[in-house]
Amino acid sequence: MPELPEVSALVEFLRPRVVGDFIAHVDIAELALLRTADPPLDAVIGLEITGVTRVGKALILEFEGLFLVCRFARAGWLVWHDAVPTGPVRMGKGPLGMRVGLASGAGFDLTEAGTKKNASVSLVRDLSEVEAIANAGPDALDLTTDEFAEVLAGSRSRIKTVLEDQSLISGIGNAFSDEILHTAKVLPFATAEKVEAAVVHDAMVAVLTSAREALVGLPPAKVKAAKKKLLRVHGRAGETCPVCGTTIAEVSFADKSLQYCPGCQTGGKRLSDRRMDRLLK
């Protein structure tokens, strides 16, 4: 799932290429992608793009009086074209969800791999019309240590759950929450109110800032691969921790998994993984 560093890189890539350009055409290839009907999507045709920004993990294209909000979900991303393909856009064919052509001849696709279509596009007059934007918490890189401590105070939720809750902190998903907790040497299942807020905050800022700096300047086609190279524990179960040399472990859930280092985070203890425990019985 694209998170704060990747979407920041996308914003920086798009701004000099699309701001000041005009929408020539927009075509939907996946009906489930479009979540609004008023105004209609073709209302942007002929409009000038006046800005590109993000809120949390959402990419936002700004027009005079309108906002196009793109949320990528787990498997969505943007494909840039210096010259947008001229062939017809066919409904329900492959990962293509929407194609946007610009007056300059360039353009981009919004794509989503897999069969589950959870990415979304909303065209609204006010950003508050998009529930996820209206309810978004402060950006992860805007929180001070004291503000972060207030978020954790009194919370009996797991620290990993709090980091990923977009209504509390915007921009962090499964991958970078694993990386933040590994850097902080904190157990993923630790109760949020009991962890050292300053330690986790410092790790959060360090991990996200470093990742953003590494990804900004890359074209969209190279961002995902570059992100994977940055990750030290997430997606690396069975590999060796680069900090302590312990084998990285995993806990699997119904729709995702987390990775952690027993040596750095749990005092050598492996957390129970119910799915694997059943297989080993």
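For region 151-167, a residue qualifies if it is open to solvent by less than 60 Å² (accessible area, probe 1.4 Å) and among the hydrophobic types (A, V, I, L, M, F, W, C), and the qualifying residues are 151, 152, 159, 162, 163. Note on region 16-30: residues that are part of a strand (DSSP E or B) and small (Gly, Ala, Ser) amount to 1.
Just one of the numbered conditions (1) touching a strand residue (DSSP E or B) at 6+ places or on another chain (Cβ under 7 Å); (2) free of Cβ contacts under 8 Å to residues at least 24 places away in the same chain is not true of residue 136: (2). Checking each residue in region 241-259 for being open to solvent by 20 Å² or more (accessible area, probe 1.4 Å), assigned to a loop (DSSP other than H, G, I, E, B) and at pLDDT 95 or above picks out 242, 243, 244, 245, 246. Out of curiosity, is residue 87 open to solvent by 20 Å² or more (accessible area, probe 1.4 Å) and touching a residue at least 24 places away in the same chain (Cβ under 8 Å)? Considered against the rule, which asks whether it is open to solvent by 20 Å² or more (accessible area, probe 1.4 Å) and touching a residue at least 24 places away in the same chain (Cβ under 8 Å), residue 87 comes out as no.
Being modelled with pLDDT under 95 and outside the structural domain of residue 176 (by the TED database) is the requirement here; does residue 17 meet it? Against the criterion (modelled with pLDDT under 95 and outside the structural domain of residue 176 (by the TED database)), residue 17 does not qualify.
Out of the residues in region 1-17 meeting the condition of being closer than 23 Å to residue 115 by Cα and either open to solvent by 50 Å² or more (accessible area, probe 1.4 Å) or of a type in the set (A, V, I, L, M, F, W, C) (or both), tell me which one is nearest to the chain's Cα centre (by Cα). Ranking the qualifying residues of region 1-17, first place goes to 1. The set of residues in region 121-133 being surrounded by 16 or more Cβ atoms within 10 Å (Cβ to Cβ) and out of contact with any strand residue (DSSP E or B) (no Cβ under 8 Å at 6 or more places or on another chain) is empty. Among the residues of region 211-233, those that are open to solvent by 40 Å² or more (accessible area, probe 1.4 Å) and under 15 Å from residue 178 (Cα atoms) comprise 228, 229, 230, 232.
Screening residue 204 on (1) of a type outside the set (D, E, K, R); (2) more than 17 Å from residue 158 (Cα to Cα); (3) in a helix (DSSP H, G or I) shows it passes everything except condition (2). Inspect region 173-193 for any residue being outside any loop (DSSP other than H, G, I, E, B), surrounded by fewer than 17 Cβ atoms within 10 Å (Cβ to Cβ) and not acidic (Asp, Glu) and give the result as yes or no. Yes, region 173-193 contains a residue that is outside any loop (DSSP other than H, G, I, E, B), surrounded by fewer than 17 Cβ atoms within 10 Å (Cβ to Cβ) and not acidic (Asp, Glu). Can you report the number of residues in region 224-240 which are polar (S, T, N, Q) and either in the same structural domain as residue 111 (by the TED database) or assigned to a loop (DSSP other than H, G, I, E, B) (or both)? So the count comes out to 0. Scanning region 198-214 for residues that are more than 23 Å from residue 13 (Cβ to Cβ) and among the charged types (D, E, K, R) turns up just one, 202. Restricting attention to region 18-60, and to residues there that are more than 30 Å from residue 169 (Cβ to Cβ) and charged (D, E, K, R), which single residue is least open to solvent (accessible area, probe 1.4 Å)? Applying the filter and picking the extreme gives 21. Here residue 111 clears all of (1) surrounded by 20 or more Cβ atoms within 10 Å (Cβ to Cβ); (2) under 15 Å from the mean Cα position of the chain (by Cα); (3) not assigned by the TED database to the domain that holds residue 68 except the condition numbered (3).
The values are calculated or read from the model by the stated rules, or taken from the named source; none is laboratory data. Because the structure is predicted, anything quoted here is derived from the model rather than measured. Backbone-built Cβ (ideal geometry, glycine too); neighbour counts: all protein chains shown. Accessible surface areas use protein heavy atoms only, side chains included; no ligands, DNA or RNA. Shrake-Rupley method; radii C 1.70, N 1.55, O 1.52, S 1.80 Å.
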